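The values are calculated or read from the model by the stated rules, or taken from the named source; none is laboratory data. Here the structure is a predicted model, which is why all the values come from computation and not from measurement. Counting neighbours? That spans all protein chains shown, and the Cβs are built from the backbone with ideal geometry, glycine included. We work out accessible area using only protein heavy atoms, side chains counted, and drop any ligands, DNA or RNA first. Shrake-Rupley method; radii C 1.70, N 1.55, O 1.52, S 1.80 Å.
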There are 4 protein chains.
Amino acid sequence: MIALLEQIISDCAHYPSQGHVATYIPELANVDPNKLGIVVSLEDGGVFAAGDYREQFTMQSVVKPLILLQALMDSSIDTVRALVGVEATGKPFDAFNYSDQALTGAHINPMINTGAIALCTLIRGDTYPEKFARLLALTRKLSGNPELDVDQAVFHSEKLTGNKNRALAYMLKAYGMISDPVEEILDCYFRACSISINCCDLAKIAHIFASHGVHPATKEPLFPAEYAKYVNATLATCGMYDGSGEFALTVGFPAKSGVGGGIMGVIPRRMGIGVFAPSLDKHGNSVAGVQALARLSQAMDLSIY
Amino acid sequence: MIALLEQIISDCAHYPSQGHVATYIPELANVDPNKLGIVVSLEDGGVFAAGDYREQFTMQSVVKPLILLQALMDSSIDTVRALVGVEATGKPFDAFNYSDQALTGAHINPMINTGAIALCTLIRGDTYPEKFARLLALTRKLSGNPELDVDQAVFHSEKLTGNKNRALAYMLKAYGMISDPVEEILDCYFRACSISINCCDLAKIAHIFASHGVHPATKEPLFPAEYAKYVNATLATCGMYDGSGEFALTVGFPAKSGVGGGIMGVIPRRMGIGVFAPSLDKHGNSVAGVQALARLSQAMDLSIY
Amino acid sequence: MIALLEQIISDCAHYPSQGHVATYIPELANVDPNKLGIVVSLEDGGVFAAGDYREQFTMQSVVKPLILLQALMDSSIDTVRALVGVEATGKPFDAFNYSDQALTGAHINPMINTGAIALCTLIRGDTYPEKFARLLALTRKLSGNPELDVDQAVFHSEKLTGNKNRALAYMLKAYGMISDPVEEILDCYFRACSISINCCDLAKIAHIFASHGVHPATKEPLFPAEYAKYVNATLATCGMYDGSGEFALTVGFPAKSGVGGGIMGVIPRRMGIGVFAPSLDKHGNSVAGVQALARLSQAMDLSIY
Amino acid sequence: MIALLEQIISDCAHYPSQGHVATYIPELANVDPNKLGIVVSLEDGGVFAAGDYREQFTMQSVVKPLILLQALMDSSIDTVRALVGVEATGKPFDAFNYSDQALTGAHINPMINTGAIALCTLIRGDTYPEKFARLLALTRKLSGNPELDVDQAVFHSEKLTGNKNRALAYMLKAYGMISDPVEEILDCYFRACSISINCCDLAKIAHIFASHGVHPATKEPLFPAEYAKYVNATLATCGMYDGSGEFALTVGFPAKSGVGGGIMGVIPRRMGIGVFAPSLDKHGNSVAGVQALARLSQAMDLSIY
């Protein structure tokens, strides 16, 4: 297994040059584009790692499945569905392309920024710091890493430069889809995006989605199986932005990428994967990360299709 | 002339029932929908008024030509053109329909909210209160009414509920088209929309655009003719929202409407018109106002086409 | 198994009243909206049927996975990918929403009409009747039913009224994506849509996609596994039109619906399903068919997510 | 006057290099890009010409105002308005960007291809050759040139390559906006686009629109003034494609351009202009033609705004 992972890392070493690291905040731009790490968490409890797997990076959009899960746990499937839709929009992650008629939940999904911002309001908590604390606690619990925390420099940069997200949030507010103060909601959202993590944490979180909410080691049920299936199905259709269809063909399992360079891969009933490689393709997905997952999928016959 | 205006008022009395007053803030919703006033300011200095011409209302989008004029006067034609385009977008006044690629000036024009908000930044002034003071002074000067002022109740309501405009402004900021603090720019924009005016003021302002910047009585040149033509041409193609083409056919001169119910009509080299009737059609234009202008255009052969 | 299917049929009997049969051609409108049939083809060779499973209906869009498969078999994955994309468009099956810039393969996918029409050109054959003959032969082979044939009345109606498809085809031609005569390509496409089939045929075809090209009984490899995965992955992200995301959540496996009322469900490595119920929801998917599949998925734990 | 025109021609000699001649059919591509001719037809009957004013070119979209006029004359304003709208769409002349909901007249206007194709059906005549004969007769009458005729080579090329127009026409048919055979309607439309003309003819046609249907010399009323205003107003808002707003600012009167390089300029109540210069800008408007008109407008104070 380790040999396979190392072979894959070696085979994918040239891919970062085909993309670019995200540059919208200096903290993301300063990363070494050639880093590549991968961790797989197997059914039998084995965890295998290779490459730059200890590298820390911020979750960015990889946190969206966790926001969705927390919203499902704290509200209900019906409440979540009433607020945000589930269809792929054919739009990139920050698309600003709503028609002149009223914006409705049907136009957005939990894997685009607008949908994830809206879902923050469904997390339980009297204040947004409380809501974020719940989300962080869940992320720590699923990863088994109580040390996980916000990268403050990234968080402050996101907050400073996040005007497109402000625009999206005010649009949600204008159409009555959220009612709390925009800056408080965004504070929670930006903190969530700024949680610092590594491939190992990611693989463990992915594994719990794969095992439908049951902790693979302790067998403790952490959340209902139907929530896991809700998240996994959403990842399969919308998790890789406008590259979701391509990813289904070439890799073939639910996954979520973030512009920090991470990808979380979920092979239902079987395993979880965490990958990190910060150079991104035109869709905002990790170039080397996608290639590594394609090779792993091929080698281990991981496609669910 | 008075007889003609009174006949028109009488003929148009039933139109308000075909529309609805704007309701997005209570101050606009509380107006009597059946009010209808009209004032024409003629070449020879004659000013004729009929109906509810003394009624005060807020300018709303009718202030857009004045924002454009002030921006032209304080910056230059080139600077204005570099920031906002001039093409009709085929989108309503608050359209939120920008593609996923970078927003550019070519996507907006000075007669939609996004464009007018952007143009506020080109008004001279160290602070936004200073910029607004200049705009108010210009409006007072063109109308010859030094009493013109902001309707504070409307202003505060606009500020409270203006989340769609916040979304538009943050989008401008996200794409680097504005750099000042959004709330300060919007404060200026909301104040401008909330200037209280009547048909008589509006007719006089219109007349100065018609006379290409020269005060009809004093013959004082208030601004260059090319700025007047810039504004008038923009009104002709984009002044009546998505009803601009229809208005060109049935009325036939540059005009600007606002959701407060006002319409400013400019007959170049000839006269200015102010109309007020708060019941709006689906495009956001005054129903009775458009009908009154169509009758007046027919009777006085005002179409420029 | 039979008891389960019959229970499902009984439970779903009231759903047809929530939709409407397709009416764009009289032949589709004349069908009894309350028909409901289901067939499952299991791994062990067992085939179970219930309800109106003998009812014949035309494939309509259910033929799209077969057009895609034939194009893959006769050209190659690279050629297919060069012509049509794989991303969900967020547009209904007959969307006509291409931007003013050149149309490219990236804007379409094999499960919308434009993509399927384009793929007809990649089927081997000197003439379009020859191409269609290959497609029909493949459909007969996969279903194990050598009697399958075109419903001539439906075909002639499609041809007569198919102007939206003509528009789509001429657009493909205008952008250089197809070069053969439009009417010849459409003749092949309309014939394909008009193949008459029943749930049993559909379940058997589905089963071969599920078994990755290997005939479940004879174990004969009919086409490469990678083509099956290509088709299945495409169905998972785009097979149910704008209801694909919803279907992934509530049912959870690759499927393709047609406005004739059929749905083909593929549970990879496990089983094939054919359903027929002609009353359609707003997305063009069989109302009772989707509900029956949701119940079956729940009862047999068929979700792949 | 001649001196002014010659000065303008000389000043604009370098503009053709900033654009490109249309190349979609060989007949258009073969033209000399540096040709530049201009003719003005004045109120007092004077006609002045300069440059390559004798050059023949095909009308292309310049024929659209004539199609609109003939439709108005043969049907009525109400019938024309019921079929096609009047709003600028913010889309180029061949935009293919209709939403998934039903296409309606409100989405199109007489100055884009879709609208002009639809209007051909409203011309009187039992057959499309008869309809075209009426349109040609009108064009000959307005230009005072009984020799005007179709350039057969251009017509046949248009017919051969006009697949985008076929797509637009089938879309109109699919939505029930036209019912006659598409190829017959397009035959009429392609012939209309292929009428060969020169600047002098164009200036005379323009002059009759300017004089509201009255022949400037004979004073014969050729069509009602309200039809002229309908056409002129439509040209003012939509005549120069996506450059209509820009043209209103820099030139300032109703005009229609065609990809053959012609522009017809209408100064209501005052004069008609014909320009020819085949090198086009990104909107499809003649580069040197627009510049020549801007200079002429400036020199003669022709802006109507």
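Checking C:Leu186, C:Leu138, C:Leu148, C:Leu168 one by one, the residue that is closer than 30 Å to C:Val275 by Cβ, touching a helix residue (DSSP H, G or I) at 6+ places or on another chain (Cβ under 9 Å) and modelled with pLDDT under 95 is C:Leu168 and no other. Out of the range D:251-305, which residues are away from chain B (no Cβ under 13 Å), in a helix (DSSP H, G or I) and polar (S, T, N, Q)? Across the range D:251-305, the qualifying residue is only D:Gln291. Check whether at least one residue in the range A:166-185 is within 20 Å of A:Leu69 (Cβ to Cβ) and under 18 Å from the mean Cα position of the chain (by Cα), and report yes or no. Looking through the range A:166-185, none of the residues is within 20 Å of A:Leu69 (Cβ to Cβ) and under 18 Å from the mean Cα position of the chain (by Cα).
Check B:Lys159, B:Lys173, B:Lys164 and return the single one that is facing chain A (nearest Cβ under 10 Å), among the basic types (Lys, Arg) and under 22 Å from B:Val259 (Cα atoms). Exactly one of B:Lys159, B:Lys173, B:Lys164 is facing chain A (nearest Cβ under 10 Å), among the basic types (Lys, Arg) and under 22 Å from B:Val259 (Cα atoms), namely B:Lys164. With respect to being among the basic types (Lys, Arg), free of Cβ contacts under 8 Å to residues at least 24 places away in the same chain and assigned to a helix (DSSP H, G or I), D:Arg134 falls outside the description. The range A:1-86 holds helices (runs of 4 or more DSSP H) entirely within its bounds, and those carrying 3 or more residues that are of a type in the set (Val, Ile, Thr) and under 30 Å from C:Gly243 (Cα atoms) map to A:77-83.
Criterion applied to C:Lys141, C:Lys131 was being touching a Cys at 6+ places or on another chain (Cβ under 7 Å) and within 24 Å of C:Tyr230 (Cα to Cα), and the one residue passing it is C:Lys131. Inspection of the range B:131-151 identifies no residue that is within 14 Å of chain A (Cβ to nearest Cβ), surrounded by 17 or more Cβ atoms within 10 Å (Cβ to Cβ) and under 14 Å from the mean Cα position of the chain (by Cα). Per the listing C:Asp126, C:Asp201, the residue uniquely away from every other protein chain (no Cβ under 14 Å) and open to solvent by less than 30 Å² (accessible area, probe 1.4 Å) is C:Asp201. Against the list (1) more than 30 Å from D:Met177 (Cα to Cα); (2) open to solvent by 30 Å² or more (accessible area, probe 1.4 Å), the condition D:Tyr24 fails is (1).
The residue list B:Cys193, B:Cys188 contains one member that is in contact with an Asp or Glu (Cβ under 8 Å, 6 or more places away or on another chain) and crowded, with 19+ Cβ neighbours inside 10 Å, which is B:Cys193.
Quickly run through the range D:229-245 and pick out the residues that are within 14 Å of the chain's Cα centre (by Cα) and under 17 Å from D:Met271 (Cα atoms). Walk me through it before giving the result.
To start, the set of residues in the range D:229-245 that are within 14 Å of the chain's Cα centre (by Cα) comprises D:231-241, D:244.
Selection gives D:Val231, D:Asn232, D:Ala233, D:Leu235, D:Ala236.
Applying the set (1) closer than 14 Å to A:Ala255 by Cα; (2) open to solvent by 10 Å² or more (accessible area, probe 1.4 Å) to A:Ser286 leaves exactly one unmet item: (2).
Do we find a residue being closer than 29 Å to A:Gly213 by Cα, touching a strand residue (DSSP E or B) at 6+ places or on another chain (Cβ under 6 Å) and surrounded by 14 or more Cβ atoms within 10 Å (Cβ to Cβ) anywhere in the range A:74-88? Can you show your working first?
Quick first cut of the range A:74-88, residues closer than 29 Å to A:Gly213 by Cα only: A:74-88.
Now drop any that are not touching a strand residue (DSSP E or B) at 6+ places or on another chain (Cβ under 6 Å), which leaves none.
Taking every residue of the range A:74-88 in turn, none turns out to be closer than 29 Å to A:Gly213 by Cα, touching a strand residue (DSSP E or B) at 6+ places or on another chain (Cβ under 6 Å) and surrounded by 14 or more Cβ atoms within 10 Å (Cβ to Cβ).
B:Ser157 meets the conditions (1) modelled with pLDDT of 95 or more; (2) open to solvent by less than 10 Å² (accessible area, probe 1.4 Å) in every case but one. The failed one is (2). At pLDDT below 95 and either surrounded by 24 or more Cβ atoms within 10 Å (Cβ to Cβ) or closer than 22 Å to B:Tyr241 by Cβ (or both), is that true of B:Lys91? For B:Lys91, the condition - at pLDDT below 95 and either surrounded by 24 or more Cβ atoms within 10 Å (Cβ to Cβ) or closer than 22 Å to B:Tyr241 by Cβ (or both) - is met.
Annotation note: Cβ proximity below 6 Å between a residue of the range D:215-233 that is farther than 11 Å from D:Met73 by Cα and away from chain B (no Cβ under 14 Å) and a residue that is at pLDDT below 95 and not in a helix (DSSP H, G or I) (sequence gap 6+ or interchain) occurs for D:Ala217/D:Gly45. Filter the range B:27-60 for residues that are touching a residue at least 40 places away in the same chain (Cβ under 8 Å), open to solvent by 50 Å² or more (accessible area, probe 1.4 Å) and over 20 Å from B:Ile273 (Cα atoms) and give the result. Those that are touching a residue at least 40 places away in the same chain (Cβ under 8 Å), open to solvent by 50 Å² or more (accessible area, probe 1.4 Å) and over 20 Å from B:Ile273 (Cα atoms): B:Glu27, B:Asp32, B:Pro33. Exactly one residue out of D:Leu280, D:Leu302 is out of contact with any helix residue (DSSP H, G or I) (no Cβ under 6 Å at 6 or more places or on another chain), under 17 Å from D:Ser61 (Cα atoms) and aliphatic (A, V, I, L, M): that is D:Leu280.
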